[in-house]
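Written below as C-alpha cells is the structure these notes are about.
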Amino acid sequence: MDDLVARDARVLWHPATHFEDLARLPVTPIVAARGAWLETEGGRRILDGIGSWWTSIHGHGHPHIVAAIREQVGRLDHVMFAGFTHAPAVELAEALLEAAPRPRADQGPDYGRVFFADCGSAAIEVALKLAFQSHRQRGHEERTRFAALANSYHGETLGALSVSGSDAYRSTFAPLLVEPIYLPVPAHPDHEPQQLTSELGADTPQAEAAVATLREHAHELAALVLEPLVQCAGRMQMMGVGYYRRIVEEAQRLGILVIADEIAVGFGRTGRMFASEHAGVCPDLLCLSKGLSGGVLPLSAVLVRAGFEDAFRGAPARSFLHSHTFTANPVTCAAGRASLEVFEQEDLLARLPARVEAMAQRRRAVAQRCPAIRHHRQAGMIAAFEVAPSPEHPGPTDGRLGLALREAAMRRDVLLRPLHDTIYWMPALSIEDAELDRLAEVTVEVVQEVLG
Ligand SMILES: Cc1ncc(COP(=O)(O)O)c(C=O)c1O
C-alpha cells in the first residue's frame with residue numbers, strides 16, 4: 001500500500017491539498033466503504049465524520065443505491081441528452097419536483113422543470129446564466145449583476161467563484177472574476193436546532209443593511225445567490241432562518257431572482273428535505289448536488305419554477321446554451337432516483353428529529369468537556385465547534401490549527417476536516433448512536449490534545 005502512496009505522489013494532484021503537507025499527512029488509500037466507515041487494505045476502519053465532503057446521505061454502499069446503479073449500468077450506460085431521453089432522468093426529475101418545497105398560493109407556481117449538470121459548481125454556473133439570460137429575454141437588459149453574501153462559498157469554477165465571498169479561494173483569481181454586490185450576513189455562533197422555527201436574524205443590523213443594499217441595486221440585479229441557513233465552507237456559520245426568509249422575500253419583491261444553493265444543505269442535512277422549507281420560502285432556482293445521487297456519483301441539478309422557461313422559447317437564439325457532455329447520465333440519475341426511494345423506504349425525514357437530538361446531546365457533552373471550545377452550534381444534522389487557543393495552550397506554532405486537529409483525528413481513525421478553528425460533524429444521516437459516541441469521544445480527545 002505504501003507503494004500506492006508513493007505512486008500517487010508521483011502522478012496525482014489532489015484537490016484542497018498543499019504539496020508540502022503530504023509528507024506530514026500523506027493521503028490514505030481506501031479500498032472499501034460501508035455505512036459511516038471507510039476501510040483500508042490492512043483492515044483499518046476510519047469513521048467518516050463528514051460524509052465524504054458532505055455527500056454521503058445514507059452511508060456508503062447503501063444496498064438499494066448500489067443495486068440501482070448495477071441494474072442501470074448493465075442496461076444503458078450512457079446516451080447523449082440532446083435529442084434523447086431515458087427513464088432514470090425523467091423519473092428523477094419527477095421525484096425531485098415532487099420532493100421540492102411547495103409554494104404558498106401567494107408565492108407563485110410550483111417548481112416545474114429540472115436542468116441537470118454534473119457537479120455543484122456547474123449547477124451554480126447554470127443558475128447564474130439562466131437568471132441573467134431570462135432577464136435579458138424578458139426585456140430587462142439592465143439586470144446584469146449578482147448579489148451574494150459575505151463569507152459565501154459556491155464552488156470554484158470562475159462563475160461560482162465570482163459569487164463566493166471568501167478571499168482565501170477568490171483573491172488569486174480576482175482579476176478574472178465578475179464582481180458581485182456583497183450583502184452582510186449575521187452569524188449565530190451558538191445556534192441551536194430549535195431556532196430553525198424562530199425569526200432569528202430577521203432584525204439584525206446585517207439584515208437591515210442587506211435589505212437596503214438590495215433596494216439600492218435592484219434595478220441592476222439579475223439574481224441573489226445564497227446558501228440557505230448554513231454557510232458550510234464559511235466555517236459552518238449559521239445566519240438564522242429569519243434573516244434567510246427576510247432577504248429572500250425582499251429580493252423576490254424587488255424582481256431579483258433568488259438562487260438557493262442547497263448543494264451542501266439539501267437532502268435532509270438541516271432536518272428537512274430542503275433548508276428553504278424551514279423559512280417557508282420558494283427560491284426561483286434551486287441548486288442541488290452532493291447528496292443528490294446519495295453521494296455516490298457526480299450529479300447536480302437546477303430546479304426552476306413552472307413557466308420560467310417561457311423566456312427561452314421562440315427563435316433559436318433564445319435557447320439556453322449550456323451543455324455538458326454527461327448531462328443526465330443514466331447511471332447517475334438511477335442513483336439519484338434510488339436515493340430518494342431510500343428516504344421513503346426508511347421513513348428518513350420522520351426519523352430525523354431523533355437523530356438531530358442524538359447529535360445535539362453529544363455536541364453539548366463535548367463542549368462541556370473542552371474549555372477550548374468557545375462556541376458550538378447546530379442546524380439539523382450539521383454540528384460545529386469553534387475552538388480558540390489560550391495563553392496556556394497556544395496551539396500549533398506553525399498556525400496550522402485545522403491541519404493539527406485533522407491529523408490528531410486521523411491518528412484515532414476518525415475523518416474530521418476542520419475549517420481552521422471550526423471542527424464540524426456532517427456524517428451520514430443514518431449514523432448510529434454508537435458511532436456518534438465515537439465521533440464525540442475523538443472530538444474531545446483531539447481538542448484536548450491540540451488545545452488543552
Ligand atoms: C454550498 C456549496 N455550493 C457549491 C459547491 C461546489 O460543489 P462542487 O464541489 O461539486 O463543484 C459546494 C462544495 O462544497 C458547496 O458547499
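The values are calculated or read from the model by the stated rules, or taken from the named source; none is laboratory data. These numbers were taken from a predicted model, which means no experiment stands behind them. Here the Cβ is made from the backbone with ideal geometry for all residues, glycine too, and neighbour counts use every protein chain on show.
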Positions within the range 105-155 being within 16 Å of the ligand (Cβ to nearest atom) and surrounded by fewer than 17 Cβ atoms within 10 Å (Cβ to Cβ), in sequence order = Lys129, Ala150
ask   = Residues in the range 156-170: is at least one of a type in the set (Gly, Ala, Ser), farther than 24 Å from Ser300 by Cβ and out of contact with any Cys (no Cβ under 7 Å at 6 or more places or on another chain)?
value = no
ask   = Counting only residues that are surrounded by fewer than 24 Cβ atoms within 10 Å (Cβ to Cβ) and assigned to a helix (DSSP H, G or I), which one in the range 239-255 is farthest from the ligand (Cβ to nearest atom)?
value = Arg253
message = Go through (1) modelled with pLDDT of 95 or more; (2) in a helix (DSSP H, G or I); (3) not aromatic (Phe, Trp, Tyr) for Ala33 and report which single condition fails.
response = (2)
query = Across the range 299-325, which residue is nearest to the chain's Cα centre (by Cα) among those that are away from the ligand (no atom under 16 Å from the Cβ) and among the aliphatic types (A, V, I, L, M)?
reply = Val304
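Would a scan of the range 294-303 turn up a residue that is surrounded by fewer than 21 Cβ atoms within 10 Å (Cβ to Cβ) and out of contact with any Leu (no Cβ under 6 Å at 6 or more places or on another chain)?
So the first thing to find is which residues in the range 294-303 are surrounded by fewer than 21 Cβ atoms within 10 Å (Cβ to Cβ), and the list is 297-298.
Within this subset, residues satisfying the condition of being out of contact with any Leu (no Cβ under 6 Å at 6 or more places or on another chain) are 297-298.
Taking every residue of the range 294-303 in turn, at least one turns out to be surrounded by fewer than 21 Cβ atoms within 10 Å (Cβ to Cβ) and out of contact with any Leu (no Cβ under 6 Å at 6 or more places or on another chain).
So, restricting to strands (runs of 3 or more DSSP E) that lie completely within the range 145-229, which ones have at least 2 residues that are touching a residue at least 40 places away in the same chain (Cβ under 8 Å) and under 26 Å from His420 (Cβ atoms)?
On the way: elements: 145-149, 181-183, 221-226.
Answer list for the range 145-229: 145-149, 221-226.
Would you say Val366 is assigned to a helix (DSSP H, G or I) and either away from the ligand (no atom under 16 Å from the Cβ) or touching a helix residue (DSSP H, G or I) at 6+ places or on another chain (Cβ under 9 Å) (or both)?
Numbers: assigned to a helix (DSSP H, G or I): yes; either away from the ligand (no atom under 16 Å from the Cβ) or touching a helix residue (DSSP H, G or I) at 6+ places or on another chain (Cβ under 9 Å) (or both): yes.
Spelling it out, Val366 is indeed assigned to a helix (DSSP H, G or I) and either away from the ligand (no atom under 16 Å from the Cβ) or touching a helix residue (DSSP H, G or I) at 6+ places or on another chain (Cβ under 9 Å) (or both).
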note = Screening Val281, Val258, Val296, Val265 for residues that are in contact with a strand residue (DSSP E or B) (Cβ under 6 Å, 6 or more places away or on another chain) and more than 10 Å from the ligand (Cβ to nearest atom) leaves only Val258
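Please indicate, with yes or no, whether at least one residue in the range 417-428 is basic (Lys, Arg), under 23 Å from Met238 (Cα atoms) and not assigned by TED's automatic domain parsing to the domain that holds Arg269. Walk me through it before giving the result.
Our first condition is that a residue be basic (Lys, Arg); within the range 417-428, this holds for 417.
Checking the rest, the ones that are also under 23 Å from Met238 (Cα atoms) come to 417.
In the following step, the residues that additionally are not assigned by TED's automatic domain parsing to the domain that holds Arg269 were identified as 417.
Within the range 417-428, one or more residues are basic (Lys, Arg), under 23 Å from Met238 (Cα atoms) and not assigned by TED's automatic domain parsing to the domain that holds Arg269.
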